[in-house]
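Take a look at the structure below.
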Amino acid sequence: MTTQMSGGQAAIEALKAEETSHVFGLIGSATMEMFDALYDAKGINFIGVHDERTGTHMADGFARASGKAGVVLAGQNGPGATNLVTGLSQARAAFSPVVSIAGMLAQGHIYRDAFQEVDQQSLFTPVTKKTWTAPSADRVPELFREAFRTALSPRMGPVQLNLPRDVLSAQAEFAPMQAPQGYRNMSVPAGHPDQIANAAKLLAGASQPVIIAGGGIKNTRGHAAAIALAEALNCPIVTSPGHGDAIPFGHPLNAGQMGPRGNAVASRLVKEADVILALGTRLGFNATFYTYDNINKDAHIIQVELEPTAIGRFFPVTLGIWSDARTAAQQLTAALAGLADRQRADNWTAAFQAERRAFLAQRDKDAIETNPTQPSGLFKALRAVLPQDAAITMDAGTLCLQATDALNYWTPGSLFTPLDFGLVGFSFACGLGVKCAQPDRPVVSLMGDGGFGMTVSELSTAVDHGINTVTVVMNNQCWGAEKAYQRDFFNGRYIGADISSPRFDELATLYGAKGYRADTLAEVGPAIEAALACGKPAVVDVAVDPNALYSFRRDSFKHRGG
């Protein structure tokens with residue numbers, strides 16, 4: 001039996017068939033047929049935003065936290081659509097399954113310099129896995145199915161669906177919508193048995209092995225499989241940058257984040273290991289700077305990747321295994337159990353664990369607990385007060401860069417960062433999306449004052465929809481990363497680096513949220529505890545020393561691998 005509907009109604013029916021619970025978006029005249037149908041879609045919670053870019057970050061955070069597709073709807077073509085580009089570029093860098101939908105001018109008006117005309121098909125193609133423009137109303141369900149399937153298929157990523165006005169308004173006959181269970185392939189590849197056997201032998205013969213757990217472990221919640229493998233080898237696990245939550249902080253084999261932006265203990269392990277198991281990581285820029293300064297040139301590298309083109313792309317590998325990282329870890333653990341002659345890296349691991357304990361103790365001891373508030377003192381205060389089950393979102397910029405490895409991630413799936421896109425203005429909006437996906441979990445978003453100033457209008461969204469996150473604004477009155485570069489490499493010739501802002505705690509109150517101010521370090525903990533307990537969206541404005549500028553760890557560049 002078929003049903004006659006408009007293309008806009010069919011679009012909403014397609015979202016319902018995909019079991020969509022949230023749509024983030026900004027209303028616009030180009031998609032009124034969709035919004036009218038959405039009015040009756042009681043199972044879909046529409047979160048009206050103030051900017052399409054931040055709506056995309058919310059969909060991104062929702063997708064990462066839920067494991068489902070995040071949906072964003074730009075109601076207007078032209079400027080409404082172009083505002084999506086930054087958010088989709090961010091989602092692409094994070095391999096986040098965002099389904100982005102935008103209205104588009106009527107097909108009969110294309111190439112006529114029509115109102116708000118832009119070539120959306122060309123615009124979105126470079127920043128998505130795939131972009132479609134629906135040619136007719138009857139094709140709408142088909143393209144929605146393909147959009148969701150593409151976004152959620154390995155490697156996951158954002159997609160764009162452009163819906164012309166005449167397509168949304170046209171009537172057509174539609175068959176019942178397909179449920180995703182009927183057409184979507186969710187299986188993942190396992191490692192070839194011969195490659196697994198060879199990799200197990202290499203690992204079994206290593207005296208200084210290390211596992212690098214990347215997004216392939218984090219995004220599949222594969223920590224248990226990675227830990228079982230590390231325990232079988234008694235070897236340390238380091239995490240790739242931005243994935244410090246891939247392994248629970250409290251596990252004794254967890255060394256923390258490696259690389260030029262990680263901690264010195266984890267970074268040393270990768271520089272000195274004789275066998276490196278890259279488990280679901282590309283060994284990309286933030287992990288290595290693409291140089292042997294951050295990875296042992298003489299090590300045997302076993303790289304496990306779901307994306308075959310990533311294997312051996314940046315560094316030659318001894319063994320490349322095309323597989324889901326969690327599955328390969330389970331296979332390797334089983335293969336090691338069958339090896340009678342294998343070495344345990346007990347001395348290597350015992351030395352690492354002693355160094356790790358000393359590092360963590362020294363981190364607390366070295367924290368500067370004076371006023372004005374220093375970053376190290378702030379991070380120590382945050383470590384003491386943040387709930388162990390908190391989801392933490394980060395912005396780009398040097399304060400958040402330091403915090404990424406200065407906080408403790410007790411629960412896998414608790415850290416959300418811009419990753420390789422390095423986007424300022426991401427964290428607050430991402431946190432709103434995470435909270436929609438996990439409403440019972442505390443969500444804390446860290447931002448600088450510059451980044452929060454970009455996105456502060458979404459406080460209305462948080463208040464209107466009761467999305468109760470806590471945003472900690474580390475207010476140092478400057479663009480810290482750029483000011484540090486100007487200090488270190490341009491003789492302190494500062495231009496455009498200093499900024500001014502209103503008191504964000506007072507601004508939050510004007511929006512109907514709760515605002516807290518921490519002018520001294522002693523006020524930080526109580527302010528965050530009060531914000532977490534207040535039952536409203538909250539902003540904690542923390543005054544941070546503007547002279548506490550941070551560049552890369554200098555030891556990141558000292559090592560030379562030959």
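The values are calculated or read from the model by the stated rules, or taken from the named source; none is laboratory data. Everything numeric in this text was worked out from a predicted model, so none of it was measured. Note that we place each Cβ from the backbone using ideal geometry, even for glycine, and neighbour counts take in every protein chain shown.
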Tell me yes or no: at least one residue of segment 269-280 is touching a Leu at 6+ places or on another chain (Cβ under 6 Å) and at pLDDT 95 or above. yes
Here is a list of conditions, (1) surrounded by fewer than 22 Cβ atoms within 10 Å (Cβ to Cβ); (2) under 27 Å from PHE115 (Cα atoms), and ASN45 meets all of them except one; can you say which number that is? (2)
Single unsatisfied condition, PRO180 versus (1) modelled with pLDDT under 95; (2) exposed (fewer than 14 other Cβ atoms within 10 Å of the Cβ); (3) not acidic (Asp, Glu): (2)
Pick from segment 44-91, criterion within 17 Å of the chain's Cα centre (by Cα) and in a strand (DSSP E or B), ranking: nearest to PRO154 (Cα to Cα): GLY70
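Would you confirm, using the coordinates I've provided, whether GLU146 is closer than 24 Å to THR86 by Cα, over 31 Å from the mean Cα position of the chain (by Cα), in the same structural domain as ALA102 (by TED's automatic domain parsing) and not polar (S, T, N, Q)? Spell out how you get there, then give the answer.
On the way: closer than 24 Å to THR86 by Cα: yes; over 31 Å from the mean Cα position of the chain (by Cα): no; in the same structural domain as ALA102 (by TED's automatic domain parsing): yes; not polar (S, T, N, Q): yes.
Against the criterion (closer than 24 Å to THR86 by Cα, over 31 Å from the mean Cα position of the chain (by Cα), in the same structural domain as ALA102 (by TED's automatic domain parsing) and not polar (S, T, N, Q)), GLU146 does not qualify.
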Kindly state which helices (runs of 4 or more DSSP H) lie completely within segment 421-521 and contain at least 3 residues that are free of Cβ contacts under 8 Å to residues at least 24 places away in the same chain. 480-489, 504-511
May I ask you to list the residues in segment 287-320 that are acidic (Asp, Glu) and surrounded by fewer than 22 Cβ atoms within 10 Å (Cβ to Cβ)? ASP293, ASP298, GLU307
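Please count how many residues of segment 310-340 are of a type outside the set (Gly, Ala, Ser) and more than 26 Å from the chain's Cα centre (by Cα). Explain how you work it out, then say what you get.
Within segment 310-340, the first condition is being of a type outside the set (Gly, Ala, Ser), and the residues that meet it are 311, 313-319, 321-322, 324, 326-327, 330-333, 336, 339.
In the following step, the residues that additionally are more than 26 Å from the chain's Cα centre (by Cα) were identified as 316-319, 331-333, 336, 339.
Looking only at that region, the number is 9.
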Which of the residues that make up segment 255-274 are in contact with a strand residue (DSSP E or B) (Cβ under 7 Å, 6 or more places away or on another chain) and crowded, with 24+ Cβ neighbours inside 10 Å? ALA255, GLY256, GLN257, MET258, GLY262, ALA266, LEU269, VAL270, ALA273
Near pairs, Cβ below 9 angstrom, 6+ apart or cross-chain, from segment 8-21 (on the phi > 0 side of the Ramachandran plot) to any residue that is part of a loop (DSSP other than H, G, I, E, B): GLU19/GLY43; GLU19/LYS68; GLU19/ALA179
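Criterion first (within 19 Å of the chain's Cα centre (by Cα), more than 21 Å from ALA190 (Cα to Cα) and surrounded by fewer than 23 Cβ atoms within 10 Å (Cβ to Cβ)) does GLY284 satisfy it? Write out each step before concluding.
Numbers: within 19 Å of the chain's Cα centre (by Cα): yes; more than 21 Å from ALA190 (Cα to Cα): yes; surrounded by fewer than 23 Cβ atoms within 10 Å (Cβ to Cβ): yes.
For GLY284, the condition - within 19 Å of the chain's Cα centre (by Cα), more than 21 Å from ALA190 (Cα to Cα) and surrounded by fewer than 23 Cβ atoms within 10 Å (Cβ to Cβ) - is met.
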ALA358: of a type in the set (Gly, Ala, Ser) and more than 19 Å from LEU202 (Cα to Cα), yes or no? yes
Can you pull out every residue in segment 286-319 that is out of contact with any Asp or Glu (no Cβ under 9 Å at 6 or more places or on another chain), assigned to a helix (DSSP H, G or I) and not β-branched (Val, Ile, Thr)? ALA287, PRO308, ALA310
Residues that are of a type in the set (Gly, Ala, Ser) and closer than 30 Å to ALA396 by Cβ: which helices (runs of 4 or more DSSP H) entirely in segment 184-271 hold 1 or more of them? 215-218, 223-233
Could we say that PHE115 is in a helix (DSSP H, G or I) and of a type in the set (Phe, Trp, Tyr) here? no
Taking segment 39-89, which residues are closer than 18 Å to GLU19 by Cα and among the polar types (S, T, N, Q)? ASN45, SER66
ALA340, sole failed condition from (1) in contact (Cβ under 8 Å) with a residue 60 or more places away in the chain; (2) outside any helix (DSSP H, G or I): (1)
Among GLU355, GLU369, the single one that is acidic (Asp, Glu) and assigned to a loop (DSSP other than H, G, I, E, B) is GLU369
Which listed residue is under 19 Å from HIS223 (Cβ atoms) and out of contact with any helix residue (DSSP H, G or I) (no Cβ under 7 Å at 6 or more places or on another chain), from ALA273, ALA266, ALA299: ALA266
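Quick one: in segment 183-219, of everything that is basic (Lys, Arg) and closer than 28 Å to TRP348 by Cα, which residue is surrounded by the most Cβ atoms within 10 Å (Cβ to Cβ)?
Checking each candidate, the answer is LYS218.
Return yes or no: is GLY535 at pLDDT 90 or above, exposed (fewer than 13 other Cβ atoms within 10 Å of the Cβ) and in the same structural domain as PRO439 (by TED's automatic domain parsing)?
On the way: at pLDDT 90 or above: yes; exposed (fewer than 13 other Cβ atoms within 10 Å of the Cβ): yes; in the same structural domain as PRO439 (by TED's automatic domain parsing): yes.
Against the criterion (at pLDDT 90 or above, exposed (fewer than 13 other Cβ atoms within 10 Å of the Cβ) and in the same structural domain as PRO439 (by TED's automatic domain parsing)), GLY535 qualifies.
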Filter pass, THR471 being at pLDDT 95 or above, buried (at least 22 other Cβ atoms within 10 Å of the Cβ), in the same structural domain as PRO439 (by TED's automatic domain parsing) and within 30 Å of PRO387 (Cβ to Cβ): yes
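From the set of residues in segment 351-394 that are charged (D, E, K, R) and touching a residue at least 40 places away in the same chain (Cβ under 8 Å), which is nearest to GLY256 (Cα to Cα)? Please lay out each step first, then the result.
Going residue by residue through segment 351-394, those that are charged (D, E, K, R) are 355-357, 363-366, 369, 380, 383, 389.
Next, only the ones that are touching a residue at least 40 places away in the same chain (Cβ under 8 Å) stay: 355-356, 363, 369, 389.
On the way: GLU355: 12, ARG356: 9, ARG363: 13, GLU369: 24, ASP389: 18 Å.
By that ranking, first place goes to ARG356.
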